[in-house]
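Here's the structure, in structure tokens; my notes come after.
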Amino acid sequence: MLSWHEGGREITAGYASLRGSEAPRRATVADDTLAADAAFRLVSQGTAIIWRGDFVNGRQLLQALGRRVDGRLKVKSDAVEPAASFNSWRQVNAQRANMLSLLLVPVTAGAIALPRAPDAGPALRDAFSELPEAAVIPLRDVLTAVSAAEWQRKGVPVAALGASIHPRFGVFPPTRQDYVELVARAPLPAAETAFDLGTGSGVLGAVLLKRGMPRLVATDLSDSAIATARDTFDRLGFGSRAELASGSLYPEGKAGLIVCNPPWLPGKAGTDLEAAVYDPDSRMLRGFLDGLVAHLEPNGQGWLIMSDLAEHLGLRQPGELSEMIASAGLVVAERRDTPPSPKGARDKDDPLHFARSKEVVSLWRLRAA
């Protein structure tokens, strides 16, 4: 709960945040008369701002705050100490998120109680499992929820499918095409069944089905991902050949092809939204490798889709992945590489450009030793 004084009385409302953070300790009320510099001083001191002004003006204030925060917080970029640079980058991003999350908007019965506010009720219900009748939410979280709802409505075009994927909130959208193209072009083994582990949006499983895989079993621990993948397969007409399983990484049985695209960076996710990026202690990667031999049919293949960005950031040692593969009783039949597609690989102003510019995305075709 968050309490503040307004109109001569104390007001209390529920506080909700996509980052799962605690409510700010102090808050003040402001409207369109608040200047950006004054707002920056408030958030720099840890004071939350309950926004009572126009919604569009609040969004512009958030942008102005972002510029001021970016001018104050700097990442220490050093290719000689890449891990230190990466940690600095994460710390700066966390500080930035903390400061910008102090601009709060009131939500009553699921509706934003501000002039010119959009109808964000459906988006907020998707993003938050439950909201109090009266709540205050970081404006940046509201915008994130609305943007995610737009992704779901419009879809993300995937060239390899000739169609779009419509991810639900919290499901990683397949905006990168590099790893999808690797799966679309690698030679398929003669398999009757494929497993897609950690399916997410279902994009890789859909590519396999489009290429003619007779049967697919897709797994994920997230209910939203399972629902998104089901929607993906049904939209594309593959529903009769696809099964969904939740609760564990591997389903029961064996398959002639097992595909896994685990999070590429070992580390702890700061928010639920980062779970598709960070794999704590490489648990999913190790789980895939260690369980592969037991779940492969004779002459079956395991496809690992992985970036080497972690190596360039000093988060994984060169050769460590190869050692993990060998320790799991596997050999590499082939490795297919492709340059990365994201903007960061080309943006020289990106503080992690020294690593992103060297990144290679690979499909490792594995088999039992």
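Each reported figure results from applying straightforward, stated rules to the coordinates on display, with no laboratory input. Everything quoted here is computed from the prediction, not taken from an experiment. Positions of Cβ are backbone-derived with ideal geometry, glycine not excepted, and every protein chain shown enters the neighbour counts.
With the crude spin-label approximation of a point 7 Å out along Cα→Cβ, what separation in nm comes out for Glu22 versus Glu252?
Roughly 4.5 nm, to one decimal.
Percent relative contact order of segment 3-120, based on C-alpha pairs within less than 8 angstrom and at least six residues apart?
24
Please report, largest first and rounded to whole Å, the three semi-axes of the ellipsoid equivalent to segment 194-344, where each semi-axis is the square root of five times an eigenvalue of the C-alpha gyration tensor.
24, 19, 15
Relative contact order for the chain: what is it in percent, counting Cα pairs under 8 Å that are at least 6 residues apart? Can you show the working numbers first?
On the way: 724 pairs, mean separation 46.7, N = 369.
The normalised contact order for the chain reaches 13 percent.
Take the alpha carbon gyration tensor of the chain, find the square roots of its eigenvalues, order them as a ≥ b ≥ c, and report rounded if a/c is under 1.5; if not, report prolate when a/b exceeds b/c, else oblate.
prolate
Hey, can you list the DSSP H helices of the chain whose Cα span along the axis is 20 Å or longer and whose average Kyte-Doolittle score is at least 1.6?
Result, helices passing both filters: zero.
With both partners inside the chain, how many of the DSSP beta bridges are antiparallel, as a percent to the nearest 5?
Antiparallel bridges: around 50 percent, rounded to the nearest 5.
Taking amide hydrogens as modeled 1.01 Å from N in the peptide plane, which residues meet the under 5 Å criterion relative to Gly198, leaving out close sequence neighbours?
Thr219, Asp220
Amide H of Arg52 versus every other amide H placed in the peptide plane: which residues, excluding those fewer than 5 positions away on the same chain, fall under 5 Å?
Ala30, Asp31
What nm value, rounded to one decimal, do you get for the distance between Arg67 and Glu320 when each label is placed 7 Å out toward the C-beta?
4.1
Once Lys and Arg get +1 and Asp and Glu get -1 on their Cβ, which of Pro214, Val203, Thr271 lies farthest toward the positive end of the dipole of segment 194-272?
In segment 194-272, that residue is Pro214.
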